[in-house]
Amino acid sequence: MTHVYLSSHVKQIYFFQILPMSRILLFLLPFLSSPLFAQEPSKESLKPCGTLGVSDWLRDYRFRSPVFDRSEDTLWVALQPHLMGKDSGTGRITYEKFLNSFCQLNEDFAASNIQFYFKNEWDLLNETDWYAHSTIPKGIEMMLTNNVPDALNTYFVADPAGNCGYNLPYGGVAIGHNCAGAGSHTWSHEVGHALSLPHPFIGWEGKTYSFNVPTPATLTYDYTYFHDTLETQVPAPLDTALVELINGSNCAQAADLICDSKPDFLSYRWDCDVQNLSTTKQKDPLGAEFFSDGTLFMSYALDHCQSRFSPEEIGIMRATLLTEKANWVAPAMLEQAINEQPVAIEPIQDQIVPDSGALFTWKSVPNAKRYLVQASRFANFSFKQIDVITTDTFLTAGLLTPSLKYYWRIRPFNDWHTCAPFGELSTFHTASLSESSEPDADGFRYYPSLLSVGMPLMLELPDAWLDHVVQCSVFDAAGRLMWQSNVGLLSSKSSLEIPSIHWPSGIYRLLLSSVPGVKWGTLLVKR
Ligand SMILES: [Zn+2]
């Protein structure tokens with residue numbers, strides 16, 4: 001473990017340590033991952049990017065002797081994911097969307113021969129103030145508290161200070177959940193910043209280009225938080241950018257200092273035509289007219305326009321990795337690609353399984369280190385009853401809803417390759433629930449274990465428990481106390497009013513504690 005703990009914030013890094021040890025695995029996350037409960041800013045309501053500035057490294061780049069770079073060599077770059085949830089542990093990006101995002105990042109960088117791998121296990125943090133942070137300084141705090149050394153740290157949050165994403169040169173990358181996933185290039189754009197690339201339209205951030213106003217020769221911009229180090233950060237400094245000419249005469253000194261990213265003055269999200277050019281015509285300070293190139297990941301063109309970094313941009317990113325970020329680069333790829341489909345062993349073909357403790361098994365997939373296993377009542381998996389990552393080739397489920405058809409599927413991955421798809425769907429049926437269990441050896445039982453709203457719970461207690469105060473507690477699947485009450489039970493058969501009316505559907509633990517002993521059981525609340 002190389003995580004740095006600098007704060008008292010509660011961290012959960014349970015992903016890789018706990019799962020292999022567990023033999024009963026169940027993350028029942030239906031109400032946690034449901035879009036009904038999402039309160040995340042939409043992509044359209046977020047600015048495309050919060051990053052500004054040109055790094056000192058890039059300013060010096062063309063004056064330094066070139067680095068030795070065999071461009072056919074793949075550079076393997078360590079990346080540390082930090083997946084933020086709220087204090088309650090809810091709201092985190094889904095595992096599936098995160099795997100898709102990482103796959104997209106590596107596809108976007110394939111032409112650069114730059115590929116990313118997970119440095120350590122995913123860091124599952126819970127901190128509402130970071131999950132939706134309204135200011136860059138809050139994001140600085142988040143990063144400086146949780147960053148790991150020798151890796152590109154990336155934070156997935158609901159709201160990165162009102163942007164789809166940003167990069168802090170001394171911190172890391174923050175990405176908004178709604179700007180992630182397959183087909184979204186925000187992560188690639190921000191990693192481009194982390195590897196020294198400015199916007200092609202630098203200087204125009206926060207300004208609106210107008211064709212009817214003469215284009216200035218220079219622009220000033222405030223890059224308070226985006227200096228190379230925290231130490232060089234000073235309040236409200238203004239820097240000046242030369243505005244790039246279409247004839248290329250000042251391309252090495254103007255805007256992003258990169259010549260094969262042509263002039264672009266569009267600092268808002270824009271759509272492109274069939275040639276991936278802007279529909280907004282612009283003119284440079286000499287009056288020469290042009291349209292912006294939407295194929296560049298570093299532009300603000302919509303995702304469907306973007307497809308590339310320019311050759312000069314690629315050279316700058318690779319030179320950054322071979323010099324000031326050499327500590328991010330691994331000497332070799334350690335895990336091979338996954339090319340085989342996962343195959344379910346059981347349950348398959350509508351096999352009946354118990355509603356509790358059902359065993360799922362599948363064949364080991366060559367090169368897979370982990371598996372994402374999902375089960376859902378719906379073939380499109382819009383709502384998932386099981387959403388678990390394991391290193392095993394089996395999984396023992398907890399409680400499922402009885403008497404229902406389910407679909408389940410497996411997606412193999414490792415720390416270097418996350419593009420392998422899910423295997424084919426398998427189906428099973430859960431057996432019906434026995435609503436009351438047999439009394440245990442002491443004569444204790446409770447029913448029904450499937451509670452609907454307003455229904456009291458019946459308790460049958462051993463005689464030794466009568467006339468004692470019994471502490472009754474109910475915990476949710478995450479172990480949080482939902483309700484607790486001390487009751488005196490005077491007869492061997494009593495009813496208990498459990499205030500489950502506002503509780504989400506799911507499994508709960510009932511714990512009864514008294515002088516004669518402790519009893520516990522499982523309750524299922526169904527809305
Ligand atoms: Zn940007």
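The values are calculated or read from the model by the stated rules, or taken from the named source; none is laboratory data. Computed from a predicted structure; not experimentally measured. Counting neighbours? That spans all protein chains shown, and the Cβs are built from the backbone with ideal geometry, glycine included.
Points worth noting:
- Among the numbered conditions (1) without any contact (Cβ under 8 Å) to a residue 60 or more places away in the chain; (2) over 16 Å from the mean Cα position of the chain (by Cα), the only one that Q115 does not meet is (1).
- Among the residues of the stretch 148-196, just one is within 12 Å of the ligand (Cβ to nearest atom) and among the acidic types (D, E), namely E190.
- Looking across the stretch 290-330 at every residue that is among the hydroxyl-bearing types (S, T, Y) and crowded, with 19+ Cβ neighbours inside 10 Å, the one that is farthest from R269 (Cα to Cα) is identified as T320.
- Restricting the stretch 260-283 to residues that are closer than 14 Å to F201 by Cβ and without any contact (Cβ under 8 Å) to a residue 60 or more places away in the chain, the residue that is surrounded by the fewest Cβ atoms within 10 Å (Cβ to Cβ): W270
- Selection within the stretch 197-221 - more than 13 Å from the ligand (Cβ to nearest atom) and of a type in the set (S, T, Y): T208, Y209, S210, T215, T218, T220
- Per the conditions (1) more than 14 Å from the ligand (Cβ to nearest atom); (2) buried (at least 17 other Cβ atoms within 10 Å of the Cβ), the sole criterion not satisfied by T224 is (2).
- Here L286 clears all of (1) surrounded by fewer than 20 Cβ atoms within 10 Å (Cβ to Cβ); (2) under 22 Å from Y166 (Cα atoms); (3) not β-branched (V, I, T) except the condition numbered (2).
Residue-wise test of (1) crowded, with 21+ Cβ neighbours inside 10 Å; (2) under 24 Å from the mean Cα position of the chain (by Cα).
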site	(1), (2)
A332	no, no
I338	yes, yes
Q341	no, no
E346	no, no
T361	no, no
S364	no, no
K369	no, yes
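- Counting the residues of the stretch 48-74 that are more than 16 Å from the ligand (Cβ to nearest atom) and either in a loop (DSSP other than H, G, I, E, B) or buried (at least 22 other Cβ atoms within 10 Å of the Cβ) (or both) gives 13.
- Looking only at residues in the stretch 22-42 that are buried (at least 18 other Cβ atoms within 10 Å of the Cβ) and at pLDDT 50 or above, the one that is farthest from the ligand (Cβ to nearest atom) is E40.
- The stretch 238-259 - residue that is β-branched (V, I, T) and buried (at least 17 other Cβ atoms within 10 Å of the Cβ) and, of those, farthest from R62 (Cα to Cα): I246
- Among residues of the stretch 482-494, those that are at pLDDT below 80 and surrounded by 11 or more Cβ atoms within 10 Å (Cβ to Cβ), counted: 3
- The residue list A182, A151, A161 contains one member that is surrounded by fewer than 24 Cβ atoms within 10 Å (Cβ to Cβ), in contact (Cβ under 8 Å) with a residue 60 or more places away in the chain and over 30 Å from F422 (Cα atoms), which is A161.
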